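All remarks here apply to the structure that follows.
Read-outs: derived from the displayed coordinates by stated rules, not from any lab. Here the structure is a predicted model, which means the values were calculated and not measured. Cβ: placed from backbone, ideal geometry, glycine included. Neighbour counts: every protein chain shown.
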Amino acid sequence: MQRQETLQFWDDYHTDRQEQEWISKPSDDVLQMIFEQCTVLQDKNGNPTSHTEALKVLEIGCGTSSLVRDVKTFFEHKHQYQQHCRKVHACGTDVSAVCIDHLRKRDTDFLLKENGLLEYKVLNVVDGTPSCQNWDLILDKGCLDTILFRSRHRGPNSDHNNLIRQILDNIHRWLTPRTGQYLFISPRAKVKAVRDYRGFSSVHRLELPASARSTLEGTKNSKEDHVHPGYLHVCYRNDDYESGKSEPFREQTNRDLSHDDAKCPGCGKTFLQLRRGEAVEGRGTAFWKRYWQGHCRHCKSDTTATS
């Protein structure tokens, strides 16, 4: 559960700041990227599929961004989409009631015109539940990032703590089985919690176009005086994962180089077998650590994640 002072912080924050885009702007290039990654609209060969019901898109931690509204508009105006799907039911959510009230006022005309197919609602991603389940897409531009940032001072396992697990389990539960996707926009190239979460069958990342750059970008490269626009992490729901029964994160302890009998969680090979008996000292600890961790992360016998 999030503390009351955290919830109050966001109400105060949005009282003082009425309009702000985090990490990236929802430019046409970004919207096109999101559209192309939406696999429910196409088969494995990339051909459009018939989606007779409204596509359901949920944004968590939307703040005052226009992303979910812009995704809805962009999708519905695509010629390819108009031919194969009717409408987009989009819902922007945030923990702050002040923020949601602002969005409803800002988009009053749009909301009236859409007749319920665009909504803004208060939602606490930790212990709340959206108005309906089975979302085709869940968008996140800054929500999980913010919680990860606040968790970084809580010890070495902060990336896999119970709060992060609970949020990811909720996302998994809210996604449509078989086709549900979590699209996570972040300034970070690697997000361990997302990469290691077993509720996703696979994760891949795409570099955002330069046009997506916002005033609240990620890390600055002083050598090039350049601010990176960030990444889109595309996560696919793993239907075999069961919250509360399955182990939530891929085992980290099996990557410990101090034990020759440490096992890969995917194929079951030991660290010694992977080295084919070669001594660690030969190529050095740094080499074997990268090699072992890379094997455990990308082993084809286990769920694959490239983020």
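Values computed for the structure shown
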| quantity | calculated |
| --- | --- |
| Subset of segment 172-187 [buried (at least 20 other Cβ atoms within 10 Å of the Cβ) and within 21 Å of residue 31 (Cβ to Cβ)] | 175, 180, 181, 182, 183, 184, 185, 186, 187 |
| Residues satisfying the stated conditions in segment 86-127, i.e. over 17 Å from residue 70 (Cα atoms) and without any contact (Cβ under 8 Å) to a residue 12 or more places away in the chain | 101 |
| Subset of segment 263-294 (residues that are part of a helix (DSSP H, G or I) and of a type in the set (S, T, N, Q)) | 273, 285, 293 |
